[in-house]
Amino acid sequence: MALARITVLISGRGSNLAALIDAANAGAIDGAITQVISNRPDAGGLAHAERNGIASCIVDHRAFATRDAFDAALADAIDASEPDLIVLAGFMRILGAPFVTRYAGRMLNIHPSLLPAYPGTDTHGRALADRATRHGCTVHFVTPDVDGGPIIAQADVPVLADDDAATLAARVLEVEHRLLPQVVGWFCAGRVALENGGVRIVDSPSALVF
Ligand code: GAR
């Protein structure tokens, strides 16, 4: 079977993108990252695409008067690459329902919290303010319900007494870099799917432990 074609959407540093590229290069994912799209021209992650010979483009949200216009331009850019999977890896724009529905079942997001706790932004600061003892990250299918789509997998870390938002974010980021390639690998192998609004595990569930 042909390798799955993967488009990755970023807004910034792109360390999760780099983890995906490394996993694909190592053969750990039955897929190829064929396209990177950033909504910010200055996103550091674009350099990872360039270094690895991956086509990239910018769809700058500031150039569009409305969310719908931005979403339409983004969809055009995505569709030009005919991806099997779209991964939001630190993509910091909220996408409209028609856009999300168009890619139902083939768009994943990584979020830096143990959803349903802390959707939205400043997840690490909010976990600290709540004196949470565990924190982590979630990979889920994207639905119009922002940060609310069906959860595929999570990874957690301890919150330490002397943590600040930066140290906690760094600890979570380490597990993000393992969880996201793992789940993308499962998707490309046909082992997870969105079905009837829930996650269907196609292979032995016991094998799907992070
Ligand atoms: C990651 O922590 C990711 O989980 C988060 O942004 C960071 C991007 O880092 N995503 C969100 O907050 C989405 N709501 P990266 O650019 O180095 O991958």
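No lab work stands behind these numbers, since they all come straight from the coordinates. In this text the structure is predicted, and so the values were computed from the model without any measurement. Cβ placement follows ideal geometry from the backbone for every residue including glycine, while neighbour counts extend to all protein chains displayed.
Brief remarks on what is shown
- Sequence-separation-based contact order of region 1-59, relative, with Cα cut under 8 Å and 6+ spacing, percent: 40 percent
- Short-range pairs are left out: with C-alpha atoms under 8 Å and at least six residues apart, the relative contact order of region 1-113 is 32 percent.
- Test item: Cα-centred dipole of the chain, Lys/Arg +1 and Asp/Glu -1 on Cβ, debye: 60 debye
- For the chain: Kirkwood Rh in Å [reciprocal of mean 1/r, alpha carbons]: 17.4 Å
- Cβ-based charge dipole, region 63-183, positive-most Cα from LEU114, GLN154, THR133: THR133
- Percent of Cα pairs exceeding the 20 Å cut-off, where the set is region 124-206: 43 percent
- For the pair region 160-182 and region 26-62, the centres of their Cα atoms are 22 angstrom apart.
- Note on region 1-123: Cα-Cα pairs beyond 26 Å make up 18% of the total pair count.
- Once C-alpha pairs closer than 8 Å and six or more residues apart are averaged by separation and normalised to the residue number of the chain, the relative contact order reads 19 percent.
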